[in-house]
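Visitor: One structure is given below, represented as structure tokens, and several questions about it will come after.
The values are calculated or read from the model by the stated rules, or taken from the named source; none is laboratory data. The shown structure was predicted, so the numbers you read here are calculated from the model rather than taken from an experiment. Counting neighbours? That spans all protein chains shown, and the Cβs are built from the backbone with ideal geometry, glycine included.
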Amino acid sequence: MAQQEYQKYYVPESSPWPIVGAVALFLIAVGAANFTVEMTKGKEGFGGWILFAGIAMLIFMVTGWFRNQIHESMSGLYSDQLGRSYRQGMAWFIFSEIMFFAAFFGALFYARTIAIPWLGGASNNAMTNEVLWPGFEAVWPLLQTPGGIESTQMGWFGLPLINTLLLLTSSVTCHYAHVGLEQNKRKQLSVMLALTIFLGCIFLGLQAYEYIHAYDIGLTLDSGVYGNTFYLLTGFHGLHVTLGTVILIVLYFRVQKGHFTPDNHFAFQAGSWYWHFVDVVWVMLFFLVYIL
Amino acid sequence: MSSATETLKHDAHDDHHHGPAKGIKRWLLTTNHKDIGTLYLWFSFIMFLTGGAMAMVIRAELFQPGLQIVDPQFFNQMTTVHGLIMVFGAVMPAFTGLANWLIPMMIGAPDMALPRMNNWSFWILPFAFLILLSSLFVEGGGPAFGWTFYAPLSTTYSGDSTALFVFSVHIMGISSIMGAINVIVTIWNMRAPGMTWMKMPMFVWTWLITAFLLIAVMPVLAGVVTMVLTDKYFGTSFFNAAGGGDPVMFQHIFWFFGHPEVYIMILPAFGIISHIIPTFARKPLFGYASMVYATASIALLSFIVWAHHMFTTGMPVAAEMFFMFATMLISVPTGVKVFNWVATMWRGAMTFEIPMLFAIAFVILFTIGGLSGLMLAITPVDFQYHDTYFVVAHFHYVLVTGAVFSIMAAAYYWLPKWTGVMFDITLAKWHFWASLISVNVLFFPMHFVGLAGMPRRIPDYALQFADFNKWISIGGFAFGLSQLIFLALLIKACRKQGEPVSDQVWDGAEGLEWEIPSPAPYHTFDTPPVVK
């Protein structure tokens, strides 16, 4: 706090983007809700179009909002204090994301260690098994549900292992891109960042392939709680990798335009934090969903 | 594109000393913490009246035994949407509005740390509630599964408005998380030089901890509504035993969010009361440090008590015992707070202005709600009380005479600072006494009918509960009408009808917000003050 002179904290006088974003989220929510009902109940409607319009508007909003911020940052309006606000904001945002995944990991733990053993008669639930689900055997992964749906286990060897190595490598390249930025080695920055994006894209491609494979061998979204946790955890992780890849691509183009200096690169730092975060989630996933 | 560059020029025009923009644009495009605070507060009051109107429907139906006014399905929609609106639309936005108005002024910051995101987190809220309210009009009716949306009520047995419900809750969650990130970063990063952690005003402390709770648990709510959505529409079976899931798992995940949520709605209230009582007792807050530690303890304990909402689900006895004792432990830091408030008043030079009346009512009535909570924490006793009106009495004492009274106390306490004029004291007295009496007629007899076994969320009841229910309904209508006095008072105050007030407003008030002019200028603390 020992600043010699107080650098003014930049507060924009007003901004059109939040209200645009509010309308966009409104359209997304209404569209997604209607689309969900229409898709699953086979009804006719405009849900999909409203959702699409909302997403387009959100992209427009994010572009405009960030464009403003990039200009402000490049014209030197931002103080160190503002940089700290952004960094702390990003850190707390990532914490909220961790808690979002925690809900699904929690569901996985609960199903594995409590719900399924109880359905199998553990603890004081002998009658549950005997009367309600006779013949149900509590095993994990749950390849035959109490209701009798059968599915297949996804092994960890092969694609998931390759994907783990890809993402871990990409975390390393992302780190060296950051080191390159901090030491003003722009070439290293560009190459390493491009490599990170490349690895991320391959990961996503393999993940899509893995989903097709899973559906082929009979593990689907509705094949009981094993498939549920598998698809929701890997699915939300995949969405986050997609978002992370988009962020990195934007950063790449900004790097090519000469943005970021060794001591002023909040956007880059935020993007790389995000990338490390999706990596850590994947490692958790790999152990808890695939191996154990 | 041209509009984008224009706004850029406008944004880059970094001049803080002109006033607000004119007309509707001021409110739509604003980045000013005071404007956004005002928006939050008015929005929450409108939601309070909306949710209140639904409560009136509930009380009208329950005025007499038998079914007379609404059909049971609609009654269920009313209890559900009343709860959702009051929790996410009234109480939480009111506290966020107070945080917006007060935190920058209390810590000597020029604005919130992330002003544009601040606007976004407000403006998505009206849209979220537009979606929720519109779901009442879709085919098959709105959500009717209670604000806790237990599976399988919300999955197997719900209508197609469930999808709208799920996405509106997502937006409410996004709004809360962004608001909380803004608060936490503002407090962490924007304090005036010299304002060390242990010099922070209590309202700032309690909100810092509340913001942490929000960021920790709102994503869990997002997760659980997502599972409801996929269970209902996409064939997953998280909450369905046939697929290896468990409906009780819903309750675990929901209450892992839900219990910290309870403290999200009361910790800022503790902060408010810790400002008002010292002012009107003309003594510094007794035990400031212990208040800070008590708040933090309550927040940490809130993560390990969730299953006390679920004692009757058939958990193993060891779990019931753990959650019972963990819950009872919370009464220790809460007791520290109540004793500190009382000790602050002890031998103080007390005067009883309107905010103080609400604050004292808070201390007494919140304590009643706390004690009934302690009763509910006892597992074997809870077997008897679960899902009765005793529970309804308990949480309305902590939420209405607790959270809502603290919000009203805060409004009366800081309103003169915001508007520059003293509010209409006669109306305020009417509002206070009418609210105080009616709220007790409304909620106190609920303890009795609850103990006697009247179940909650049912539109009909056995004849022996008729007399009490009549009085409860009368109290309810009176409490509802009393709030219209508050509305009239607020409109008068916002139109600046009243005596101008001094900068300090109340003569025992201390803190940075009382050192700036009344009404507070549009921009305050462009350069931070130095706190000694």
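Visitor: Looking at (1) more than 7 Å from chain A (Cβ to nearest Cβ); (2) free of Cβ contacts under 8 Å to residues at least 40 places away in the same chain, which one does residue B:272 not meet, given that it meets all the others?
Guide: Tallying (1) more than 7 Å from chain A (Cβ to nearest Cβ); (2) free of Cβ contacts under 8 Å to residues at least 40 places away in the same chain, residue B:272 fails exactly one: (2).
Visitor: From the list A:245, A:173, A:234, which residue is under 30 Å from residue B:240 (Cα atoms) and surrounded by 16 or more Cβ atoms within 10 Å (Cβ to Cβ)?
Guide: A:234
Visitor: Give the residue, chosen from B:190, B:198, B:227, that is surrounded by fewer than 22 Cβ atoms within 10 Å (Cβ to Cβ), in contact with a Phe, Trp or Tyr (Cβ under 8 Å, 6 or more places away or on another chain) and farther than 13 Å from residue A:99 by Cβ.
Guide: B:198
Visitor: Which residue, of A:278, A:289, is touching a Gly at 6+ places or on another chain (Cβ under 6 Å) and assigned to a helix (DSSP H, G or I)?
Guide: A:278
Visitor: Among the residues of segment B:212-240, how many are assigned to a loop (DSSP other than H, G, I, E, B), farther than 11 Å from residue B:151 by Cβ and more than 7 Å from chain A (Cβ to nearest Cβ)?
Guide: 0
Visitor: From the residues in segment A:79-106 that are farther than 17 Å from residue A:241 by Cα and hydroxyl-bearing (Ser, Thr, Tyr), which one is farthest from the other protein chains (Cβ to nearest Cβ)?
Guide: A:79
Visitor: Please find, among A:66, A:26, A:46, the residue that is surrounded by fewer than 16 Cβ atoms within 10 Å (Cβ to Cβ), within 22 Å of the chain's Cα centre (by Cα) and outside the structural domain of residue A:246 (by TED's automatic domain parsing).
Guide: A:66 is the lone residue from the list that is surrounded by fewer than 16 Cβ atoms within 10 Å (Cβ to Cβ), within 22 Å of the chain's Cα centre (by Cα) and outside the structural domain of residue A:246 (by TED's automatic domain parsing).
Visitor: So, one more: List every residue pair whose Cβ atoms sit under 8 Å apart, with the two residues 6 or more apart in sequence or on different chains, where the first one lies in segment B:480-502 and is touching a residue at least 60 places away in the same chain (Cβ under 8 Å) and the second, anywhere, is of a type in the set (Lys, Arg).
Guide: B:498/B:492; B:501/B:417
Visitor: Report yes if residue A:10 is facing chain B (nearest Cβ under 9 Å), assigned to a loop (DSSP other than H, G, I, E, B), of a type in the set (Ser, Thr, Tyr) and over 23 Å from the mean Cα position of the chain (by Cα), otherwise no.
Guide: Criteria met by residue A:10.
Visitor: I want to confirm something. Restricting to segment B:241-268 and keeping residues that are in a loop (DSSP other than H, G, I, E, B) and facing chain A (nearest Cβ under 8 Å), which single residue is surrounded by the most Cβ atoms within 10 Å (Cβ to Cβ)?
Guide: Ranking the candidates gives B:244 first.
Visitor: Step by step: first the residues of segment B:150-171, then only those that are buried (at least 23 other Cβ atoms within 10 Å of the Cβ) and more than 10 Å from every other protein chain (Cβ to nearest Cβ), then the one that is farthest from the chain's Cα centre (by Cα). Which residue is that?
Guide: Selected residue: B:155.
Visitor: Exactly one of these conditions fails for residue B:315: (1) farther than 30 Å from residue B:415 by Cβ; (2) in contact with a helix residue (DSSP H, G or I) (Cβ under 6 Å, 6 or more places away or on another chain). Give me its number.
Guide: It fails just one condition, (2).
Okay, residues lined up against (1) without any contact (Cβ under 8 Å) to a residue 24 or more places away in the chain; (2) surrounded by 17 or more Cβ atoms within 10 Å (Cβ to Cβ):
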| residue | (1), (2) |
| --- | --- |
| B:426 | yes, no |
| B:435 | no, yes |
| B:439 | no, yes |
| B:442 | no, yes |
| B:453 | no, no |
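Visitor: Under the condition of being touching a Phe, Trp or Tyr at 6+ places or on another chain (Cβ under 7 Å) and either at pLDDT below 95 or in a strand (DSSP E or B) (or both), which residue from segment B:1-45 is nearest to the other protein chains (Cβ to nearest Cβ)?
Guide: It comes out as B:14.
Visitor: Scan A:95, A:105 and give me the residue that is under 22 Å from residue B:179 (Cβ atoms), modelled with pLDDT of 95 or more and under 20 Å from the mean Cα position of the chain (by Cα).
Guide: When all the criteria are applied, what remains is A:95.
Visitor: Against the condition outside any helix (DSSP H, G or I) and surrounded by fewer than 23 Cβ atoms within 10 Å (Cβ to Cβ), how does residue B:480 come out, does it pass?
Guide: No.
Visitor: Ok, one more. Which condition does residue A:129 not pass, out of (1) more than 7 Å from chain B (Cβ to nearest Cβ); (2) buried (at least 16 other Cβ atoms within 10 Å of the Cβ); (3) at pLDDT 95 or above, if it passes all the others?
Guide: Failing condition for residue A:129: (3).
Residue-wise test of (1) in the same structural domain as residue A:12 (by TED's automatic domain parsing); (2) closer than 30 Å to residue B:249 by Cβ; (3) surrounded by fewer than 17 Cβ atoms within 10 Å (Cβ to Cβ).
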| site | (1), (2), (3) |
| --- | --- |
| A:54 | yes, no, no |
| A:60 | yes, no, yes |
| A:74 | yes, no, yes |
| A:96 | no, yes, no |
| A:105 | no, yes, no |
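Visitor: Looking at this structure, is residue B:235 free of Cβ contacts under 8 Å to residues at least 60 places away in the same chain, surrounded by fewer than 22 Cβ atoms within 10 Å (Cβ to Cβ) and over 20 Å from the mean Cα position of the chain (by Cα)?
Guide: Yes, satisfied.
Visitor: Here's a follow-up. Evaluate segment B:304-311: report whether one residue or more is at pLDDT 95 or above, among the aromatic types (Phe, Trp, Tyr) and surrounded by fewer than 19 Cβ atoms within 10 Å (Cβ to Cβ).
Guide: Checking segment B:304-311: not a single residue is at pLDDT 95 or above, among the aromatic types (Phe, Trp, Tyr) and surrounded by fewer than 19 Cβ atoms within 10 Å (Cβ to Cβ).
Visitor: Just checking, does segment A:202-217 include any residue being without any contact (Cβ under 8 Å) to a residue 24 or more places away in the chain and over 30 Å from residue A:150 (Cβ atoms)?
Guide: Within segment A:202-217, not a single residue is without any contact (Cβ under 8 Å) to a residue 24 or more places away in the chain and over 30 Å from residue A:150 (Cβ atoms).
Visitor: While we're here: With (1) without any contact (Cβ under 8 Å) to a residue 60 or more places away in the chain; (2) touching a His at 6+ places or on another chain (Cβ under 9 Å); (3) surrounded by fewer than 22 Cβ atoms within 10 Å (Cβ to Cβ) as the list, and residue B:147 as the residue in question, which single condition is left unmet?
Guide: If we test residue B:147 against (1) without any contact (Cβ under 8 Å) to a residue 60 or more places away in the chain; (2) touching a His at 6+ places or on another chain (Cβ under 9 Å); (3) surrounded by fewer than 22 Cβ atoms within 10 Å (Cβ to Cβ), just (1) comes out false.
Visitor: Can you tell me which residue is farthest from residue A:281 (Cα to Cα) among those in segment A:113-124 that are facing chain B (nearest Cβ under 9 Å) and not aliphatic (A, V, I, L, M)?
Guide: Result: A:124.
Visitor: Looking at (1) under 30 Å from residue B:507 (Cα atoms); (2) assigned to a helix (DSSP H, G or I); (3) of a type in the set (A, V, I, L, M, F, W, C), can you tell me which one residue B:423 breaks?
Guide: Here residue B:423 meets the rest and fails (2).
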